[in-house]
Amino acid sequence: MDLDSRLTCLYEPLEKDMVLKLNLSPVRQSRFPLAMRLTSPSGEFSEWVEGDGEAYMKHNVTEDGDYEICVNAPRPVRVALNIFFHNPEKMEKELDRFLKAYELKGSVGEAVTSITERLYSIYYSIKFYNKISVRDEAMQQSNSDYIQGYVVIFCLSNIIIAISQVIVVRGMFKVDNSRIRI
């Protein structure tokens, strides 16, 4: 979604007892302040969640209805807003129904839940690592460009100084034949 420096809001219908996870990050690898806020159907505002390059919010839904999600950036930018929501009780009931249907043990359900949580953790860890490594590579490239520029300027200035020194020293020892008397 494209943001300008004004507050941008959208609505998401949610049910009571859901868990809502919001993740806001710029599409291009850049770092600047981002902020977001959640408003319940009754008009209660959440605290502003701010982040440098990324903002993350987790919220337990307490009411049925349309929740307002507002995002803000200090300058125009294209961002990705990821919205994840689920009802843990309904997921557990569906998982129990699935396990009973296939006569699987309860420990398998715990293993599936654990694997799902670990997959989310791995996904966000890899996403964060990729952002950091891209930023580090960009910083190294920028530093390399500065160093190369300074080396070129240093070499050119040394060549110019060496040529001017040769000209001055030769001028000091130049013999003028018209002034020599024998």
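The calculated P(r) of segment 1-79, using every Cα pair and 10 Å bins from 0, goes 19, 51, 25, 5 in percent. Model label sites at Gln140 and Glu15, defined 7 Å from Cα along the beta-carbon direction, differ in position by 4.9 nm. Using the Cβ-Cβ distance between Ile132 and Glu68 with R0 set to 45 Å, the FRET efficiency from 1/(1 + (r/R0)^6) comes to roughly 0.90. Considering only Cα-Cα distances, which of the following residue pairs are longer than 30 Å: Lys21/Lys131; Lys58/Lys131; Lys16/Lys131? Correct reply: Lys16/Lys131. Based solely on its DSSP helices, what 222 nm [θ] is calculated for the chain when runs of n ≥ 4 H residues each add -39,500 (n - 2.57) and the sum is averaged over all residues, nearest 500 deg cm²/dmol? That calculation yields -16500 deg cm²/dmol at 222 nm.
Considering all C-alpha pairs of the chain, those separated by over 31 Å amount to 49%. Of the GluC sites (Glu not before Pro) in segment 14-99, the ones in a loop by DSSP (not H, G, I, E or B) with at most 14 other beta carbons within 10 Å are Glu15, Glu44, Glu47, Glu63. With a Förster radius of 35 Å applied to the beta-carbon distance between Glu94 and Phe45, the computed FRET efficiency rounds to 0.60.
List the longest stretch of the chain that has no exposed loop site; here a site is one of the trypsin sites (Lys or Arg not before Pro) assigned by DSSP to anything other than H, G, I, E or B, with at most 13 other Cβ within 10 Å. That would be 32-104. With a simple spin-label model that places each label point 7 Å from the Cα along the Cα-to-Cβ direction, the separation between Ile159 and Ile147 comes to 2.2 nm.
Quick note: the coordinates plus some simple rules give every number you see, no bench work behind them. The structure displayed is predicted, hence computed values, not measured ones. Counting neighbours? That spans all protein chains shown, and the Cβs are built from the backbone with ideal geometry, glycine included.
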